[in-house]
Structures are given as C-alpha cells and as structure tokens.
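*Asks:* Provided herewith is a single structure, encoded as structure tokens, for subsequent inquiry.
Derivation of every value follows stated rules applied to the coordinates shown; laboratory data play no part. Keep in mind that what you see is a predicted model, and the values were worked out from it rather than measured. In this analysis, Cβ positions are derived from the backbone assuming ideal geometry, glycine residues included, and neighbour counts consider all displayed protein chains.
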Amino acid sequence: MKTRKIRDGIYSVGVQDWGRRLFDSLIPLPDGTSYNSYLIQGSEKTAIIDTVDPEFAETYLENLEGLKKLDYIITLHSEQDHSGSIPMLLERFPNAAIICSPKAKDLLVEHLLLDPDKIRTMEDNETISLGNKSLRFIYTPWVHWPETMVAYMKEERILFSCDFLGSHAASTELYDNGDPAILEAAKRYYGEIMMPFRSMIRGNLKKLQGLDFDLIAPSHGPIWNHPETILAAYEDWASDNVQNKVVIPFISMHGSTAKMVNYLCDELAQRGVKVELFDLAVTDIGKLAMALVDAATIVIGTPTVHVGPHPIVANAVMLANAIKPKARFAAVIGSYGWATQVVERILPMVSNLKVEVLGAVLCKGVAKEPTLKELRDLAELIATKHKDL
Ligand code: FEO
C-alpha cells in the first residue's frame, strides 16, 4: 500500500500483511496484521516512528523513495516486527540517530546487532523537537515488553502507541471509523499479549489521562479516530470487573467428556449464566483468549490420557496460565477410562490464576445420574457465585 497522509507533514508509511496467519508461531491472525510506521517531517528535523517486519523491508524502503533526509529513527518497542527493518533503513540513512528508551538500547543491540553509539535514549517525559512539531516520550512499560513507551505530539494531538491499544488487522482503511471488527481484533490482541500485565496497563492508561489527543496511531491496525472507544474498552478489560460468563475449553476423545460439557452448559444456561464452549481440537486459541478477557469462571473439560489431562488440554491450560485471565472461579470436569489424576496434575499448572477452585466432576465412562447430579450441583454453585459478583 502506498503511503497515506494523516496530517501536514505526517504520513503512514508502513505495510499491510494480508497473508500472515500466525504470530510468534503461536497466535492466530485471522485478519492478517499491519506494521505501521509513521514519517514525521518537521520544519527542522525528520523522524520515523517504528519500522516494519524485516520480511517487508523492501516494500517499506520503496514506500520511502524520495525521502532525502532522516534525522531520527524512533523505536517505541524493540520487538522485530517494529524494529527489524532498522538496519536496512540505516543503510540508506547512515547518519540517522536511533531514539529509544534506556531499556530498549540493550535489546536493540542484542537482537539487531546495532551499534550502541548510534543509539540515543530518552528519559520518561523527555521531548525532542522537530521544529514546528515535537515528540514527548512517555514510558508505558510492559505492553508487553519492559522497554515500551509511547510518543505524544501535542501540536497535532496524536498519540503514537506501538503495540499498546493496537489491533492485528490488515485493512485498506487508515482509520477505525468505529468499525466493531477492529475493536474485536483489539480485544483479541489485548487478550493474547497485554492481559498478563493488567496492573501495568491500568497504570499506563492513567499516564495518558492528562494528554489531549484526537488520534491514537498504533503500530498494528488502523488509527483510532475515536480514541475514547479503545480507551474505554481497555479500562474495562484491564479492570477487575468480570462478566456472568463461563468459558469451557475442552477435548473429548470418545464423546463422554463432550456429553458432560454439553450437560453442564445447558444447566448453566438454564440458570442465566452465559457459556462459551471451545472444542480445543478445532478452536482458534485467539478466540479463547478473547473469551477469557472478562469471564468469571473457567471450567476445564478433559478426558484422561495416561492418568493425566489430554495433552491438548494441558497446552491450553499452560496458555491460560501464561496470559493470566482475571477469572475468579475454576473447575475441572471429564470422563476417564480406568483411573485419573487430572485434577492433581492440572491445578499446579494454573498457579498464576487467582481463582477459587469450585471442585471437580470426574466420571468413569459415560456420565450417569450420580455424575449428572454433581454437574447440576456445580452449575448451581457457579450461578450462586456469579450472583454475588
Ligand atoms: Fe508488535 Fe510486541 O510487537
């Protein structure tokens, strides 16, 4: 995509990655993504904020054809999808200084083998002038690396936020224009990488409160031209509020665990509790991460394989433990063949979750009435706990 003008002297010069379907060899990207880069031409100095994934360096440099001078390469975050094309950009503009946070300097040297003497670090709230425009750097750590910061341009009321407040979505649209699909992509992105750092996110949102801006320009996804939408969503996602919702990730090998899952699902629904089921054999784990952003309860449904949980369930449980959803309650259900230790083996795997374990319903073979009653009792207990939220 060609470069797009945002304001006088400010251009979007990044690339759209329509075909990418996986990030970090883990996270599904059903809508692709973009690597946004912003060219800012001040009356005295020219700067670029973030670059693009090195796979797209050639296209990126074509986007910058005609650019005669570059004073600053600003990197708000060191991960390679934003910093990876810095070496190629430096080949074209060898005199450009790299601007980053102090913690980013070491990361850029280690990951990209950049010359430390080319790197100038910014203090929290330090400002650089481009002449008629300026950029103030504000540390926003742990979104989702320790070195991250945002850049605020008061003259044009723009906040450049990199990963923070971004969305994985390739689009021809420069702005979100209130599209709910972009907000959903942002929730997916939050759930996948920001959620483990909720308290830091809340602190970072507070730091933005005194700033006057009407555009948020992230380095993934469209620019938010209704910033209040994404800010309000982040406030909610990062808060302690949970919804009257149960998420059930499960696997079933011969249908017995699925029968228990479906029975519990119906019993919960009859008690006014929303349920989202995820058959882990086929599910998009990004959708699971999104559901976990605000669920009050997680029920893990697993058959027993060699007395432990099914390996695909174990994988999902490890993921849930890593992304630290704010769920308050958890339970385990499932069928086994001849013996089981799934509870003993799963609970140590969720040590990051601050949940009250409401119990386990396990059954040899197909669930019969004593087990079905246990599932009804579990549904009743969950519904009661949710009423007290
Ligand atoms: Fe988009 Fe953390 O990189």
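*Asks:* Can you bin the stretch 90-236 into rounded, prolate or oblate? Criterion: square roots of the alpha carbon gyration tensor eigenvalues sorted a ≥ b ≥ c, rounded for a/c under 1.5, prolate for a/b above b/c, oblate for the rest. Show your work: numbers first, answer last.
*Replies:* Working: a/c = 1.62, a/b = 1.46, b/c = 1.11.
The shape class here is prolate.
*Asks:* Using θ = phi - 60° and the Karplus form 6.51 cos²θ - 1.76 cosθ + 1.60, what ³J(HN,Hα) does each residue of the stretch 253-262 get, whole Hz, x for Gly and Pro?
*Replies:* Values, residue by residue: 9, 10, x, 6, 5, 4, 4, 5, 4, 5 Hz.
*Asks:* If you put +1 on each Lys and Arg Cβ and -1 on each Asp and Glu Cβ, how big is the dipole of the chain around its Cα centre, in Debye rounded to 20?
*Replies:* 840
*Asks:* Using amide H atoms built in the peptide plane, which far-off residues or other-chain residues are under 5 Å from residue 99 H to H?
*Replies:* When sequence neighbours closer than 5 places are left aside, the close amide H contacts are 73, 74, 75, 120.
*Asks:* Still on this structure, please answer the following. Using only the alpha carbons of the stretch 33-126, determine the length spanned along each of the three principal axes and report them from longest to shortest in whole angstroms.
*Replies:* Dimensions of the stretch 33-126 along the principal axes of its Cα atoms: 32, 31, 24 Å.
*Asks:* While we're looking at this one, here's another question. Give the calculated FRET efficiency between residue 322 and residue 4 to the nearest 0.05, with a Förster radius of 45 Å applied to their Cβ-Cβ distance.
*Replies:* 0.80
*Asks:* Put +1 on the Cβ of every Lys and Arg and -1 on every Asp and Glu Cβ in the chain; which of 353, 372, 299 then has its Cα farthest towards the positive end of the dipole?
*Replies:* 372
*Asks:* When only C-alpha pairs under 8 Å and at least 6 residues apart count, what is the relative contact order of the stretch 243-387, in percent?
*Replies:* 29
*Asks:* Considering all alpha-carbon pairs of the stretch 1-159, what whole percent are spaced by more than 22 angstrom?
*Replies:* 39
*Asks:* Restricting things to Cα coordinates, could you compute the convex hull volume per residue of the chain in Å³?
*Replies:* 135
*Asks:* Have a look at 68, 103, 324 and tell me which one the Gaussian network model of the chain (Cα, springs below 10 Å) gives the largest fluctuation.
*Replies:* 68
*Asks:* A further question follows. Projecting each Cα onto the charge dipole of the chain (Lys/Arg +1, Asp/Glu -1 at the beta carbon, about the Cα centre), which of 215, 381, 269 comes out farthest on the positive side?
*Replies:* Going by the Cα projections, it comes out as 381.
*Asks:* Shape of the stretch 246-296 from its Cα gyration tensor (a ≥ b ≥ c, root eigenvalues): rounded if a/c is under 1.5, otherwise prolate when a/b > b/c, or oblate? Show your work: numbers first, answer last.
*Replies:* Details: a/c = 3.23, a/b = 1.03, b/c = 3.14.
Taking the square roots of the gyration eigenvalues as a ≥ b ≥ c, the stretch 246-296 is oblate.
*Asks:* What residues qualify as long-range amide H neighbours of residue 27, i.e. H under 5 Å apart, gap of 5 or more or another chain, H built at 1.01 Å from N?
*Replies:* Amide H neighbours of residue 27: none.
*Asks:* Okay, next question. Among the aspartates and glutamates, which have Cα under 20 Å from the Cα of residue 133 when same-chain residues fewer than 8 positions away are ignored?
*Replies:* Output for residue 133: 8, 44, 50, 71, 123, 124, 155, 156, 212, 214.
*Asks:* A further question on this structure: Amide H neighbours of residue 17 under 5 Å, counting only residues 5+ apart in sequence or on other chains, H built in-plane at 1.01 Å?
*Replies:* Amide H neighbours of residue 17: 33, 34, 35.
*Asks:* Once phi is turned into ³J(HN,Hα) by the Karplus curve 6.51 cos²θ - 1.76 cosθ + 1.60 with θ = phi - 60°, what whole-Hz value does each residue of the stretch 375-389 show in order, with x for glycine and proline?
*Replies:* The phi angles translate into 5, 5, 4, 5, 4, 5, 5, 4, 4, 5, 4, 5, 4, 8, 4 Hz.
*Asks:* Determine ³J(HN,Hα), in whole Hz, for all residues of the stretch 102-114 in sequence, where each value follows from phi through the Karplus function 6.51 cos²θ - 1.76 cosθ + 1.60 and θ = phi - 60°; x replaces Gly and Pro.
*Replies:* x, 5, 6, 4, 4, 5, 5, 5, 6, 7, 10, 6, 6
*Asks:* Let me ask another. Which of the listed residues, 54, 193, 251, is farthest toward the dipole's positive end in the chain, when Lys, Arg count +1 and Asp, Glu count -1 at the beta-carbon?
*Replies:* About the Cα centre, the residue reaching furthest to the positive side is 251.
*Asks:* Let me check I've understood the local charge: for residue 244, count other residues with C-beta under 9 angstrom from its C-beta, Lys and Arg +1, Asp and Glu -1. What total comes out? Spell out each step's value before the answer.
*Replies:* Details: positive: 245, 274, 387; negative: none.
My count for the surroundings of residue 244 gives +3.
*Asks:* Apply the Debye scattering formula to the stretch 234-352, with a single equal point scatterer on each alpha-carbon and no solvent, then give log10 I(q)/I(0) at q = 0.11, 0.12, 0.19 Å⁻¹.
*Replies:* Treating every Cα as an identical point scatterer, log10 I(q)/I(0) equals -0.34, -0.40, -1.00.
*Asks:* Give me the dipole magnitude in Debye, nearest 20, for the stretch 243-387 about the Cα centre, with unit charges on the beta carbon: positive for Lys and Arg, negative for Asp and Glu.
*Replies:* 260
*Asks:* Which shape class, rounded, prolate or oblate, goes with the stretch 91-162 when its Cα gyration tensor gives a ≥ b ≥ c as root eigenvalues, a/c under 1.5 marks rounded, and past that a/b bigger than b/c marks prolate?
*Replies:* Working: a/c = 2.20, a/b = 1.26, b/c = 1.76.
It comes out oblate by the Cα gyration axes.
*Asks:* Magnitude of the Cβ-charge dipole of the stretch 326-382, K/R +1 and D/E -1, about the Cα centre, nearest 20 debye?
*Replies:* Details: 8 positive and 6 negative charges, 33 e Å.
In total the dipole reaches around 160 debye.
*Asks:* Which of the chymotrypsin sites (Phe, Trp or Tyr not before Pro) found in the stretch 291-389 are loop residues per DSSP with 14 or fewer other Cβ atoms within 10 Å of their Cβ?
*Replies:* 338
*Asks:* Here's another thing I want to ask about it. Considering the chain as a Gaussian network with a 10 Å cut-off on Cα pairs, which listed residue, 101, 134, 161, attains the greatest mean-square fluctuation?
*Replies:* 134
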